[in-house]
Amino acid sequence: MKKLTAASVTLISATLISATSSAHDINSDACDVNLETGMYINHEVIEFTKNDKVLYKIVGENTLLVNGEEVSLAAHQEALVADYADSIRAVVPEVKGIAIEGIALATEGVNLAFNGLLGEGNNLANNLTQELNKLGSELDTRLSLESGIRFDENGAIGEDFLGEDFEERVEDTIESAIQDSIGSLLIAVGQEMLFAGGDMEALETRMENFGTDIEQQMEARAELLEAKADALCQSIVVIDELEERMRDEISELADFDLLEVSAHHNNKI
């Protein structure tokens, strides 16, 4: 019983974490994006930095400063810089939307799993929902042109928010809540065992089917984000293409190949 109970809880946890990871990394291999510098964006300025030095920045729509000096631009060059700046700012709400929907997907998975096992309105699902909603709110605040967004040279936002530790942060939130509610889960699994008439194999099959059902439902919901992830990839490809045009047409930027994007076609999540 102890072994089966642990396996069942682990199954639920792994299912949720898998769904959450899919939400966060949905179609992540559709784009390989490499930003060689740090970056700061708000409504007024976009700047690129390396080793705490500003390489170049765009002030307003089309004022270009390279190494602190304003560059005199022809009309077509100003239009190109403006397109570049507008495209960068426009991608921010796309990133925010996908990230927040990913958190919402994880929240939905939490409720599917624990409401199904513990009943509607259980403390575990409520607590997890609150914690995941906090992450969503933090995303909304951090990914804001009004307050400004700073990416470091590793692509992390601020203090490694949405960096490599983000997925681990979501996993820890889920696992911690499960550990805090292990008693309720043990009771629920015990009740499931009664429904199975004490048949351990039948219970194990029931729990596996339960996990598979949640995973399938989450994957179906995750597919709705795939088109948005593809659109985001194409938006970043456009930014890369605009950067190349600026390097070709503005000599002061010729040495600044800061963004590299490789787009792939992948139908799997």
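How are the alpha carbon pair distances in the range 44-99 distributed across 5 Å bins from zero to the largest one, expressed in percent?
It works out to 4, 19, 24, 22, 16, 10, 4, 1, in whole percents.
What do you reckon, how do E70, E208, E36 stack up by accessible area (1.4 Å probe), largest on top?
Correct descending sequence by accessible area is E70, E208, E36.
The values are calculated or read from the model by the stated rules, or taken from the named source; none is laboratory data. Computed from a predicted model, the values in this text were never measured in an experiment. For accessibility, only protein heavy atoms count, side chains too; no ligands or nucleic acids. Shrake-Rupley method; radii C 1.70, N 1.55, O 1.52, S 1.80 Å.
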